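The values are calculated or read from the model by the stated rules, or taken from the named source; none is laboratory data. Everything numeric in this text was worked out from a predicted model, so none of it was measured. When we count neighbours, we look across all protein chains shown, and the Cβ atoms used for this are built from the backbone with ideal geometry, even at glycine.
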Amino acid sequence: MERSWVIGDCWLGCGRTGVRVLWLGPVQWDGYTAPFMSCASCLARLMAQARAYWLSRLRIAAGA
Ligand SMILES: [Zn+2]
């Protein structure tokens with residue numbers, strides 16, 4: 001999937017605005033949709049958490 005960086009606001013907690021952000025997907029809540037944007041440092045933190053989750057699931061699947 002092609003992703004492109006744009007200038008915008010980070011939605012992932014650092015609160016920075018006017019920075020390079022990447023669209024991660026839609027936020028959907030109560031029938032409303034908003035674009036979920038992340039800056040590079042927040043994305044790195046999110047990906048580290050996601051990798052830890054995937055690795056723990058792999059370990060469970062492997063029976064380790
Ligand atoms: Zn951020």
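Residue by residue through the range 1-46, note down the ones that are among the hydroxyl-bearing types (Ser, Thr, Tyr), at pLDDT 95 or above and in a loop (DSSP other than H, G, I, E, B).
Thr17
Which members of the range 6-37 meet the condition of being acidic (Asp, Glu) and away from the ligand (no atom under 15 Å from the Cβ)? Hit for the range 6-37 is Asp30, nothing else.
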